[in-house]
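What follows is one structure encoded as structure tokens, with my remarks underneath.
The values are calculated or read from the model by the stated rules, or taken from the named source; none is laboratory data. In this text, all values refer to a predicted model and were calculated from it rather than measured experimentally. Quick reminder, even Gly has a Cβ in these numbers, built from the backbone with ideal geometry, and neighbours come from all protein chains shown. Ligands, DNA and RNA are stripped out before the accessible areas are found, and what is left, the full protein with its side chains, is counted by its heavy atoms. Shrake-Rupley method; radii C 1.70, N 1.55, O 1.52, S 1.80 Å.
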Amino acid sequence: MENFDVVVIGSGPGGYIAAIRCAQLGMKTAIIEKYATLGGTCLNVGCIPSKALLDSSEHYHDAMTTFKEHGIEIERMKLNFRQMTTRKNEVVKQTTAGVAYLMKKNKITTFTGIGSFIDKNTIQILSGETKTSISTKNTIIATGSKPSTLPGITIDKKRIITSTEALSLTEIPKHLIIIGGGVIGLELGSVYARLGSKVSVVEYLPSIIANMDETLGKELLKVLKKLEIEFYLGHKVTAVEAKGKEVTVSAEIVVPPNSTTTKRGNIVLSGDYCLMAVGRKPFTENLGLEVAGVKMDEKGRIEVNENLETNIAGIYAIGDVIKGAMLAHKAEEEGVFVAEKIAGQKPHIDYNLIPGVVYTWPEVAGVGYTEDQLKKDNRAYKTGSFPFKASARARASIDTDGLVKVLCDAKTDEILGVHIIGPRAADMIGEAVVAMEFRASAEDIGRMSHAHPTYSEALKEACLDASAKRALNI
């Protein structure tokens, strides 16, 4: 039986980054992945393929809508959806191959199969009919998550689908009905709306991307309506039925608890595909956690302490299987954190400074406190904003939708939250994270030189507005 210092179960962003960091720190490391390719959900059927389709569909949409304004006229333009998906698959292939290369480069032993605990220090790997056992001093569980559904609704993966199937369709839906107004639903909805699908979104809550700052949800709703996406907010799905090539979704209006009316109403939508995008749940099946004695909470998440260690010494868990936002970059930070903890170092993660991003166009990104959170905490704050329609760079690229919103402490001027909807918001939020990691004030960012013309000038202007109401370009 081969012995390891660390065994990582799961090769998604959290798992493979944890394995690399362990190897860098001199530990003999192994990683176990049940699928043929490394990279987990993110690289294979999540973050990477969705971004490839988002980018391709945005190019097509631009060609259809704004190229003529730029002076670019294309006759008889044709959409080749097969080539679009072929390119997406090639991006995935290159990215997963890159992870395999990193495993070899860092001398990490890779096992293909289902890993499960025999006891706290022994892992069995089942690959077909073959069973292999290895021993380890430490184990990092990084098995990620899988799509959730609603009670009474069966996902057939043909007409009632998850994000996995939505990324591999062989045809463009005529009418895609999406249940869920969160990140996954809106990203995939925008892809197919750009390609010509009728898209309808049914959301239980009265707003979209409800976990982000309220301003971002309101602004994104305006933008997506320009794509002619229909929204049914405040609706509870009661049934989803598939017959042949048709899917029917029934929903009822949700009456707010403080409503003075008892009026209720129903909607019935018919389409050719229904995407279930109501979130994800931890994937902990067949791990043998009960054999190892690892505890889970009422939501099926693995319980960990401040060191991300379970109740069993030497067994750690990271990413989507524990509490917190289900984000690839959160999992990566936790992977590095655990590796360095095992090595005896003293790493730190500030979960408040892990940004959230929605890759629609314009993109949406936020970090730190939302305005609603500050209000609930009764914390005195100042706010400033700057619209992209006032940005010279945004006007040059015809990307004037959106704004930057900055929240800072009323007394100290320390930046408490930054929320952006606009072009390249996913990249711009990095500056906000750096500023907040070093506890910068809004004035600090407002006084720093930003290249002109750039999108990031909008952040500087919003900081000037938040700090002293002295934005220079509006």
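When the residues of segment 295-314 are filtered to those that are under 16 Å from MET326 (Cα atoms) and in a loop (DSSP other than H, G, I, E, B), the one that is least open to solvent (accessible area, probe 1.4 Å) is LEU308.
Test of understanding: among THR400, THR370, THR383, which residue is out of contact with any Lys or Arg (no Cβ under 7 Å at 6 or more places or on another chain), β-branched (Val, Ile, Thr) and touching a residue at least 12 places away in the same chain (Cβ under 8 Å)?
On the way: THR400 fails: out of contact with any Lys or Arg (no Cβ under 7 Å at 6 or more places or on another chain); THR383 fails: out of contact with any Lys or Arg (no Cβ under 7 Å at 6 or more places or on another chain).
Answer to the selection: THR370.
The set of residues in segment 315-334 being of a type outside the set (A, V, I, L, M, F, W, C) and either buried (at least 20 other Cβ atoms within 10 Å of the Cβ) or outside any loop (DSSP other than H, G, I, E, B) (or both) consists of TYR316, GLY319, ASP320, HIS329, LYS330, GLU332, GLU333, GLU334. No other residue among THR86, THR136 is β-branched (Val, Ile, Thr), closer than 30 Å to ILE179 by Cβ and modelled with pLDDT of 95 or more apart from THR86.
Considering LYS225, LYS137, LYS198, LYS236, the condition of being in contact with a strand residue (DSSP E or B) (Cβ under 8 Å, 6 or more places away or on another chain), open to solvent by 60 Å² or more (accessible area, probe 1.4 Å), charged (D, E, K, R) and within 30 Å of TYR16 (Cα to Cα) is satisfied by LYS137 alone. Looking across segment 60-97 at every residue that is part of a helix (DSSP H, G or I) and of a type in the set (Gly, Ala, Ser), the one that is most open to solvent (accessible area, probe 1.4 Å) is identified as ALA97. Within segment 23-59, the set of residues being surrounded by fewer than 17 Cβ atoms within 10 Å (Cβ to Cβ) and closer than 15 Å to ALA97 by Cα comprises TYR35, ALA36.
For segment 235-254, filtered to residues that are modelled with pLDDT of 95 or more and outside any strand (DSSP E or B), the residue that is nearest to LEU195 (Cα to Cα) is LYS245.
Number of residues in segment 62-98 that are closer than 16 Å to THR170 by Cα and in contact with a helix residue (DSSP H, G or I) (Cβ under 8 Å, 6 or more places away or on another chain) equals 6. A residue that is acidic (Asp, Glu) and free of Cβ contacts under 8 Å to residues at least 24 places away in the same chain can be found somewhere in segment 70-89. With respect to being without any contact (Cβ under 8 Å) to a residue 60 or more places away in the chain, under 23 Å from SER145 (Cβ atoms) and among the hydroxyl-bearing types (Ser, Thr, Tyr), THR95 fits the description.
I'd like to know if segment 276-284 contains one or more residues that are farther than 19 Å from ILE153 by Cβ, modelled with pLDDT of 95 or more and in a loop (DSSP other than H, G, I, E, B). Working first, answer last.
Step one: of segment 276-284, the residues farther than 19 Å from ILE153 by Cβ are 282-284.
Next, from what is left, pick out any that are modelled with pLDDT of 95 or more: 282-284.
Remaining after also requiring in a loop (DSSP other than H, G, I, E, B): 283-284.
Yes, because at least one residue in segment 276-284 is farther than 19 Å from ILE153 by Cβ, modelled with pLDDT of 95 or more and in a loop (DSSP other than H, G, I, E, B).
Among residues that are under 32 Å from the mean Cα position of the chain (by Cα), within 28 Å of LYS51 (Cα to Cα) and in a helix (DSSP H, G or I), THR110 is not included.
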